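Below: the structure, in structure tokens.
Nothing in this text is a laboratory measurement; each read-out follows from the coordinates by a stated rule. Remember, it's a predicted structure, so these values are computed and weren't measured experimentally. Note: ideal-geometry Cβ built from the backbone for every residue, glycine included; neighbour counts use all protein chains shown.
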Protein chains: 2
Amino acid sequence: MRTLFLSVADVAAIVRERGVAACIAGIAGNIRADFLRWESFDKSARLAAHSGLGVIELMPVSDAQSYSFKYVNGHPRNHLQALPTVMAFGVLADVATGMPRLLSELTLTTALRTAAMSAVAAQVLARPGSKVMALIGNGAQSEFQALGFQHLLGIEELRLYDVDPLATDKLVRNLQGTGLRLVRCASIAEAVRGANIVTTVTADKTNATILTPQMLERGMHVNAVGGDCPGKTELHPGVLEVASVFVEYEPQTRAEGDIQQMPRDFPVTEVWQVLAGARPGRQLDSEITVFDSVGFALEDFSALRYLRDAAEALGVGETLDLVPELPDPKDLFGRVKGRRLRLAA
Amino acid sequence: MRTLFLSVADVAAIVRERGVAACIAGIAGNIRADFLRWESFDKSARLAAHSGLGVIELMPVSDAQSYSFKYVNGHPRNHLQALPTVMAFGVLADVATGMPRLLSELTLTTALRTAAMSAVAAQVLARPGSKVMALIGNGAQSEFQALGFQHLLGIEELRLYDVDPLATDKLVRNLQGTGLRLVRCASIAEAVRGANIVTTVTADKTNATILTPQMLERGMHVNAVGGDCPGKTELHPGVLEVASVFVEYEPQTRAEGDIQQMPRDFPVTEVWQVLAGARPGRQLDSEITVFDSVGFALEDFSALRYLRDAAEALGVGETLDLVPELPDPKDLFGRVKGRRLRLAA
């Protein structure tokens, strides 16, 4: 009854063994399956603790069998201290007993699952045959987005822009040999021009306007990943006004997504409804679609399931002495009784 | 920049080294210090996921420097599967970066901190000179309550009752040699008779009436620990009606405590106000006081601080590869790049 622990090294080993694209595809499959049973889950907006420098969040979700939560931070200035902007870990537990079965790193995994979720949404929202994607923001999550869209959407060309040219250098280095055509651009407008899909994955905790209405072209799909907490947006409101907007979990996105800039009754569609065929996704070739992604707990649930199965299949991980094994569960005290007391007893 | 991990064995080693009573006293000191700067904390009611068999909760709290959360379950029937009713673990992190500094078991620690909180409250609510305590519910947490009240309140005699006589056998065995006078009683009423303090620490997830108004005596202090979630109470409403009632964090206790049975405007006092001298605690020798304890995140914050300091002082624990150390924090992908890709680059 011990807890399985997957360290950063363990998850990296899983990803190296299977490949980044295969992991994103596997998690995407789990996300699709879990989103199709949306109503089975006990959902809530995440619990966020904001400070001047960033945010720390807890993201729980559960169905009748399993409970999961993720701890995740977002601190845009962390790179100045050689720390990742986003760090995460999470737990999968049994609802029937509360026993934590799996504790895993989720920093690498968050990048995988965010790319997986973006791809799942784009599959029903982007124009079929999309080949060119603009990638605005070339930081920690960008390569995962690139490979997810290459393998799950068929993207062949990436048009790159980042305020930090070193970030783009790194991305170009990392994606050599993948077969993706990489085009460095001098501005956001240049990168977006002619793209079928625009992915924004920037980190600043500000109301930024990465994408303005003038940059939009007919039929574009916007995968807006970086605007994900109050006061942190990427899209000019005018972009949202002319687009069909899709979200993960409406109550959370109203507070955290780019739609925080819009009136409370601004119309949005939850992606699970599109996957389930209950609501239309893209209806016209000329339509502009926006996936206002903030990251929802259910995606981490899907990713934790993937890690659990992969760890089992590959024999990765170790057990952790996280909760006590007690001969008599009512005798917790027996676990700490000192020698002196034991002798006296 | 790694995370310190304290396993069950590590925390048990700390407790054996220092002694149960010293740990409870140490945590009580931290609780008192943290409650005295109540207004510095970003507080919220815990996030609970209820099922037919129990509850799983996340309990976050933070000040300007540190963030903590606890994962804890409550499953009264877990003992049938040889699992503890309550299992817990938690994290202490830096607010400035989101870096998780400490991950610790909190099952043993929850028992220690709950006893510490009960003692802190009783020190300002019980009649000075209280020597006799009834202990109703002799399960996993009972010995910790007993030792906390012996060492921090001066309790000399325990009057014991549990529906399960084997639980009482275990408690009597565990407390041999402590100097406490242990009196087994045939009923709750018998245990309560003549007691200065009544501690109820039962586990059933029902609206139970462990304590009824007929059992009350003038000047009693009731330390009601077991009624701690919606539908789980221990006190007959008549007990609350005649008592001065004290709580940890009012918004949470209104939903979870014994006062969930009372009107929304039923008067209560938060314990921190009494500690700070802003509101009176016990005013009359004849008064009946109730501490309607449900367990608040700040107590776990105080306990995690204690564990961190004790682990450092005693050299206990190991580091955990929970979040990635990256030469370039924007190069998360570098951590998972496969050999094939590296050769191609």
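From the C-alpha coordinates alone, can you work out the Kirkwood hydrodynamic radius of segment A:257-336, in Å? Before the final figure, lay out the partial values.
Values: mean 1/r = 0.0554 Å⁻¹.
Computed over segment A:257-336, the radius equals 18.1 Å.
Given the convex hull over the Cα atoms of segment B:128-214, what projected area results after averaging over all orientations, in nm²?
Numbers: hull surface 22.6 nm².
Here the figure is 5.6 nm², rounded to one decimal.
Can you pull a Stokes-Einstein diffusion coefficient for chain B at 4 °C (1.567 mPa s), Rh from Kirkwood over Cα pairs, as a whole number of µm²/s?
The diffusion coefficient I find is 62 µm²/s.
Rounded to the nearest 0.05, what FRET efficiency do B:Leu166 and B:Glu250 give with R0 = 56 Å and r taken as the Cβ-Cβ distance? Could you check?
Details: r = 38 Å, r/R0 = 0.67.
So, using R0 = 56 Å, E works out to roughly 0.90.
Dividing the Cα radius of gyration by the Kirkwood radius, what Rg/Rh value follows for segment A:127-295?
On the way: Rg = 15.1 Å, Rh = 16.0 Å.
We get a ratio of 0.95 for segment A:127-295.
Antiparallel as a % of all DSSP beta bridges within segment A:127-295, to the nearest 5?
Working: 1 of 29 bridges.
Here the share of antiparallel DSSP bridges comes out near 5 percent.
What's the magnitude of the charge dipole for chain A around its Cα centre, counting Lys and Arg as +1 and Asp and Glu as -1 at the beta-carbon? Answer in Debye, nearest 20.
700 debye
Given a 10 angstrom Cα cut-off, can you work out which residue in A:Pro60, A:Pro327, A:Pro237 is the most mobile in a GNM of chain A?
A:Pro327
Which value at 222 nm does chain B reach when only helices count, each DSSP H run of 4 or more adding -39,500 (n - 2.57), with the total divided by all residues and rounded to the nearest 500 deg cm²/dmol? Could the numbers behind the result be given before it?
Numbers: 11 runs with 114 residues, N = 345.
It comes out at -10000 deg cm²/dmol, rounded to the nearest 500.
In peptide B:159-172, what is the residue-averaged number of other protein chain Cβ atoms found within 10 Å of each Cβ? Display every interim value, and only then the final one.
Numbers: counts 0, 0, 0, 1, 0, 1, 0, 3, 3, 0, 0, 5, 3, 1.
Per residue, the average neighbour count from other chains is 1.
What nm distances, shortest first, do you get from the label point of B:Leu36 to those in the other copies when the point sits 7 angstrom along Cα to Cβ?
Nearest first, the other copies' label points are 6.0 nm away.
For chain B, what does the relative contact order come out to in percent, with C-alpha contacts under 8 Å and a separation of six or more? Walk me through the numbers before you get to the answer.
Numbers: 699 pairs, mean separation 69.5, N = 345.
Once divided by the residue count of chain B, the mean separation gives 20 percent.
In debye, nearest 20: dipole of segment A:127-295 around its Cα centre with unit charges on the Cβ of K, R (+) and D, E (-)?
Numbers: 15 positive and 21 negative charges, 71 e Å.
For this selection, approximately 340 debye.
Suppose every Lys and Arg Cβ carries +1 and every Asp and Glu Cβ carries -1, with no other charges. What dipole size does the protein assembly as shown come out with about its Cα centre, to the nearest 20 debye? If you can, show how the numbers build up before the last one.
Numbers: 68 positive and 78 negative charges, 224 e Å.
Value, rounded to 20: 1080 debye.
Express the relative contact order of segment A:90-182 as a whole percentage, based on alpha carbon pairs under 8 Å and six or more residues apart in sequence. Spell out each step's value before the answer.
Numbers: 106 pairs, mean separation 22.2, N = 93.
24 percent.
Quick check on the protein assembly as shown: of the DSSP beta bridges with both residues there, what percent are antiparallel, nearest 5%? Walk me through the numbers on the way to the answer.
Working: 58 of 120 bridges.
The answer is about 50 percent antiparallel.
Based on the alpha-carbon set only, what is the convex hull volume of segment B:115-157 divided per residue, in Å³?
Value for segment B:115-157: 63 Å³ per residue.
Given a cut-off of 14 Å, what percent of all Cα-Cα pairs of segment B:173-212 lie beyond it?
Values: 471 of 780 pairs.
For segment B:173-212, the share of Cα pairs beyond 14 Å comes to 60 percent.
Using only atoms on other chains, find how many Cβ atoms lie within 10 Å of each Cβ of peptide B:8-20 and report the average. Please report the intermediate quantities before stating the final value.
On the way: counts 9, 3, 1, 4, 6, 1, 1, 5, 8, 1, 1, 4, 5.
That works out to 4 on average.
Can you give me the relative contact order of segment A:127-295 as a percent, contacts being Cα pairs under 8 Å and 6 or more apart? Walk me through the numbers on the way to the answer.
Values: 357 pairs, mean separation 36.3, N = 169.
Once normalised by length, the contact order is 21 percent.
Would you mind listing the distances between the B:Glu312 label point and the same position in each other copy? Use 7 Å along Cα-to-C-beta, nm, one decimal, shortest first.
Nearest first, the other copies' label points are 4.1 nm away.
How big is the C-alpha Rg of segment B:7-87 next to the rule-of-thumb value 2.2 N^0.38 Å, as a ratio? Mind showing how you got there, number by number?
On the way: Rg = 15.8 Å, N = 81, 2.2 N^0.38 = 11.7 Å.
In units of the globular-protein estimate, segment B:7-87 measures up at 1.36.
Between Rg and the Kirkwood Rh of the protein assembly as shown, both from Cα atoms, what is the Rg to Rh ratio? Don't jump to the answer; show the numbers that get you there.
On the way: Rg = 27.4 Å, Rh = 26.6 Å.
Dividing the radius of gyration by the Kirkwood radius yields 1.03.
What nm distances, shortest first, do you get from the label point of B:Pro165 to those in the other copies when the point sits 7 angstrom along Cα to Cβ?
In nanometres, ordered from closest: 8.5.
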